[in-house]
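Quick note: the coordinates plus some simple rules give every number you see, no bench work behind them. Since this is a predicted model, take the numbers as computed values, not measurements. FYI the Cβ positions are ideal-geometry reconstructions off the backbone, even for glycines, and counts take in every protein chain you see.
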């Protein structure tokens, strides 16, 4: 499947143990990022990963394949084995509540597989630093529930919150 075909997917549904979260994919503003996410999802890359970083009233983060192991100290450091460039243009939306964006290594062009969903009303300090590629359209209450999980001193949930599947669709 070509990158153009992958970028044409319109929705993703995270099937989690807490419930489903459906988001619209923003292929118009971030086609390479959407294509990468769709490719990883269709290859079951995200199946079994956990939400490894949770900060109430800010965001929940997932997408690290290392979160599948029994060592929480390495969570947040894994990826697909390559990095993607950031995608910012006139169509790039602001990072506000319900937006889905790529996590990075606090450096430009270090996107991979990790992403986060914003629970804060606005996060202007992140605009231009993290590529937004989705907008939650259903299940924001599940994201809010995840964001209120009990965490340890490293913002890691005390109880694993697992993504069972990611379903990519055109409608």
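Values as computed for the structure displayed
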quantity: Residue selected from the range 2-31 under the condition touching a helix residue (DSSP H, G or I) at 6+ places or on another chain (Cβ under 7 Å) and closer than 19 Å to residue 85 by Cα, by the criterion surrounded by the most Cβ atoms within 10 Å (Cβ to Cβ); calculated: 25
quantity: Meets criteria (part of a loop (DSSP other than H, G, I, E, B), in contact with a strand residue (DSSP E or B) (Cβ under 6 Å, 6 or more places away or on another chain) and under 24 Å from residue 157 (Cβ atoms)) for residue 47; calculated: yes
quantity: Those residues of the range 139-171 which are in a strand (DSSP E or B) and under 15 Å from the mean Cα position of the chain (by Cα), in sequence order; calculated: 162, 163, 164, 165, 166, 167, 168
quantity: Unique residue being in contact with a helix residue (DSSP H, G or I) (Cβ under 9 Å, 6 or more places away or on another chain) and surrounded by fewer than 20 Cβ atoms within 10 Å (Cβ to Cβ) when the list is 77, 67, 113; calculated: 77
quantity: Flag if residue 162 is surrounded by fewer than 16 Cβ atoms within 10 Å (Cβ to Cβ) and touching a strand residue (DSSP E or B) at 6+ places or on another chain (Cβ under 7 Å); calculated: no
quantity: Tally, over the range 74-125, of residues that are within 13 Å of the chain's Cα centre (by Cα), farther than 20 Å from residue 56 by Cα, touching a residue at least 60 places away in the same chain (Cβ under 8 Å) and part of a loop (DSSP other than H, G, I, E, B); calculated: 1
